[in-house]
Structures are given as structure tokens and as C-alpha cells.
Amino acid sequence: MKDQMTPMERSIALSKGRVVDRLPCNLNIANGVARIHRCKISDFNVSGKTIAEAQISAYRRYGMDGVRVFTDLYVWAEAMG
């Protein structure tokens, strides 16, 4: 079934208590978007451009309503020694 609303229309309607065509779907796939974009997680975690491109790839593939940018916290721990 094809969506009748855009993600923005759906979010606004839902926030106003109106009827929506379906419930919003925001996938929490974290570093999994690196695999979708076919890049290494180590490259993904240190490049804002790669993170953005990977998130866009996931958005286009799955058609989710929103994007949650999340990188691996282990990078921070490594940076602190």
C-alpha cells in the first residue's frame, strides 16, 4: 500500500490528534546504516559526511519517517584513552 502522507504531514497530523495514514516508523538501526551504505563502521564513525550519506541511503531504502543519528560510543572511550 502506498503512503498517502509524507513523513512531515504524518508527524504534524499526529501531533494535532488527527487521523494518519499509518503510524510513523523510525528505525533504530544505529551503525547498521554503515552496512546499508557499504562502508566500514570505523569510517562511518569518524566522518560526518559518511554518516549523513549512510543515513540518506537507509532513508531511501526503507522509507522511514525519521532518522536517528547514532554513532558508536566506543569511539569516545578510545579517544579518552
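The values are calculated or read from the model by the stated rules, or taken from the named source; none is laboratory data. Here the structure is a predicted model, which is why all the values come from computation and not from measurement. Cβ: placed from backbone, ideal geometry, glycine included. Neighbour counts: every protein chain shown.
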For this session: Go through segment 19-38 and give me each residue that's assigned to a loop (DSSP other than H, G, I, E, B), free of Cβ contacts under 8 Å to residues at least 24 places away in the same chain and either in contact with an Asp or Glu (Cβ under 8 Å, 6 or more places away or on another chain) or within 14 Å of Thr6 (Cβ to Cβ) (or both).
Result: Val20, Asp21, Arg22
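Filter segment 1-11 down to the residues that are surrounded by 12 or more Cβ atoms within 10 Å (Cβ to Cβ) and in a loop (DSSP other than H, G, I, E, B) and list them by number. Working first, answer last.
Let us first name the residues in segment 1-11 that are surrounded by 12 or more Cβ atoms within 10 Å (Cβ to Cβ), namely 3, 5, 7, 9-11.
Listed by number, the residues that qualify are Asp3, Met5.
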Exercise. What residue, among those in segment 12-55 that are among the polar types (S, T, N, Q) and surrounded by fewer than 16 Cβ atoms within 10 Å (Cβ to Cβ), is nearest to Ala79 (Cα to Cα)?
Worked result: Ser42
For this session: Output yes when any residue across segment 59-71 is modelled with pLDDT of 90 or more, small (Gly, Ala, Ser) and within 10 Å of the chain's Cα centre (by Cα), and no when none is.
Result: no
